[in-house]
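Bear in mind that the values in this text are calculations on the coordinates, not laboratory data. Given the structure is predicted, the values throughout are model-derived calculations rather than measurements. Here the Cβ positions follow ideal geometry from the backbone for every residue, glycine too, while neighbour counts run over all protein chains shown.
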Amino acid sequence: MTPVRVLVCDDQVLIRTGLATIIDAQPDLEVAGECGDGRSAVDLAAELRPDVVVMDIRMPVLDGIEATRLLAGAGVAHPVKVLVVTTFNLDEYVYEALRAGASGFLLKDAPPDRLLHGIRTVATGAALLDPEVTRRLVGRYAARIRPTGGTPHDLPLTPRETEVLRLIADGFSNSEIAAALVISPETVKTFVSRILAKLGLRDRVQAVVYAYRHGLVT
């Protein structure tokens, strides 16, 4: 099994070394590189092509939000999965990181097993935030998400897929969606995969933003 290759970006050497040591100790993970600012993260990611970038927010030269946007934002030809790990537990940072293209968000005081779980989760293409956190964050900043002008009827989805997308945006987990629609969790997973593929979205976080932009939820 090929290990997940991780690029660690943090301007504090002690923290960066600690993160790298924890990651390298895992048989299924390996540190592809380390750097101390956002610009270096963008350059190294282009050179090393890691599976996941563990990114701090407040850094010199280029901050983690802008670096994330350059690595995983809209229009990036070859996006890299980004897991933001920071000391700043502010909704504003979380929202901006996710809007920039991050697939997940963790605090540095999280235990090592949560960090490792986050890297593995993001590497699979899933979003790390649970649905309720996603809903709270996007809902709080929904006024900033400008509607596209389209209507729910314009979406390239079946009525059932549209219903599932609306429930995702309402903060329902897969098991809750299954219970609400009286279908199996496996069927929900299939619907979610179809929705993401049809809409060209990477994960549930992007699906929630998409739902707000297209008037499925307000």
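Below, the figures for the structure above:
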item: Two-site label geometry, Ala77 and Thr21: point separation in nm, points 7 Å out along Cα→Cβ; result: 4.0 nm
item: Pairwise label distance in nanometres, Leu181 with Thr124, each label 7 Å out on the Cα-Cβ vector; result: 2.0 nm
item: For the stretch 3-113: relative contact order, % (alpha-carbon pairs under 8 angstrom, 6 or more apart); result: 23 percent
item: Distant-in-sequence amide H partners of Val4 (H built 1.01 Å from N, under 5 Å); result: Leu29, Glu30
item: Net charge, Glu30 excluded, C-beta distance under 11 Å - Lys, Arg +1, Asp, Glu -1; result: -2
item: Peptide ranges 158-164, 59-65 listed from the most packed, as the mean C-beta count within 10 angstrom indicates; result: 59-65, 158-164
item: Cα point-scatterer Debye curve for the stretch 4-128, base-10 log of I(q)/I(0) at q = 0.15 Å⁻¹; result: -0.56
